[in-house]
Structure formats: C-alpha cells, structure tokens
1. Any chance you could give the angle, 0 to 90 degrees and rounded to 10, that helix 86-114 forms with the longest Cα principal axis of the chain?
2. Considering only protein heavy atoms, what is the solvent-accessible area of S114 at a probe of 1.4 Å, reported in Å² to the nearest 10?
3. With runs of 4+ DSSP H residues as the only contributors, calculate the mean residue ellipticity of the chain at 222 nm using -39,500 (n - 2.57) per run, divided by the residue total and rounded to the nearest 500.
4. Any idea what the alpha-carbon Rg over 2.2 N^0.38 Å comes to for the chain?
5. Using a 1.4 Å probe, how large is the accessible area of R99, given in Å² and rounded to the nearest 10?
6. Tally up the carbon and sulfur contribution to the accessible surface of the chain as a whole percent, 1.4 Å probe, everything protein left in place.
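The values are calculated or read from the model by the stated rules, or taken from the named source; none is laboratory data. Bear in mind the structure is a predicted one, so any value in this text is a computation, not a measurement. What goes into the accessible areas is simple: the full protein's heavy atoms, side chains included, and nothing from ligands, DNA or RNA. Shrake-Rupley method; radii C 1.70, N 1.55, O 1.52, S 1.80 Å.
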Amino acid sequence: MIPHHRQAIEMAGLAATRAASPEVRKLGAEIKKAQGPEIEQLTTWLTGWGAPVPSPRTDGTGHMGHGGMEGMMTGEEMKELEGAKGASFDKTFLEMMIRHHQGAVAMAGTEQSSGRFPGATKMAGDIVAAQSAEITKMRDLLKQ
C-alpha cells in the first residue's frame, strides 16, 4: 500500500497547479492529507516488525513504477496527467484517481479479510470507507 499511496500523493499534488475546478484542487489536498499519515503509520509498523519498507522507485521517467499493484498508473499515464491543465486535467485526474482508488479499495478489502494485525485491518476498513466515498464524489464531479 505504501507505493500505492505515494503515487496517489504524487497525482494529488499536481491538482494544486493544474486543476481548473476548485473542487478538484480541494480533493487533491484532502487525498494528500489523508494518505501521508497512513504511509507514516505503515512505515512505523513495518519498521517495528523488522520488515523492509518499500523505497520510492522510479520507472526511468522520474515516476514511481506501477509494480503490478491494482489501480497504479504507468509512467506514460503519469506523463499524460502532468501534461494536462485546466478542464482536461480535471477529467483525466478524476478518471485516473477513480481507478487508483478502486485498486486501493480492492487491496484494503484483501487486508480486511486476510489480515492478521488488528491495526492494519482497522486501517484497511478506514481506507475502504474513505476512498469509496471519494470515488462517489469524483464520479459526481465528472458529471458536472
């Protein structure tokens, strides 16, 4: 989940300067605010367990590689998002972030059903709830 969240933060950070819609800019800020602390908590748990913490890797384009995780954007998709501005950015961002969130919800659902650490399964439930609500919000924004 750490690499997945890192990419969401990277995507959300683009909204501050590229989005036309104040709602998309606000959503980007909310995503960064929520997922940063989750990365910190996941890192703390992994470190405490003596497990490796995923390092930020790039795919050769300066972007984190997708690593086969559900919902991750490819380097090409990230370049497309970086190149978009205004209403085009908003549409691309919302479509990509919906897909990204759907991947996170699927991974978190697996943790809920198969996880062994109560803190992680609780976080997974929080992720499912928050990101499912954001998916609904993003779908509504796409209809505007």
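1. 20
2. Probe radius 1.4 Å; accessible area of S114 about 80 Å².
3. On the way: 5 runs with 108 residues, N = 144.
-26000 deg cm²/dmol, from helical runs alone.
4. Its radius of gyration relative to the 2.2 N^0.38 Å reference: 1.03.
5. 100
6. C and S atoms contribute 55 percent here.
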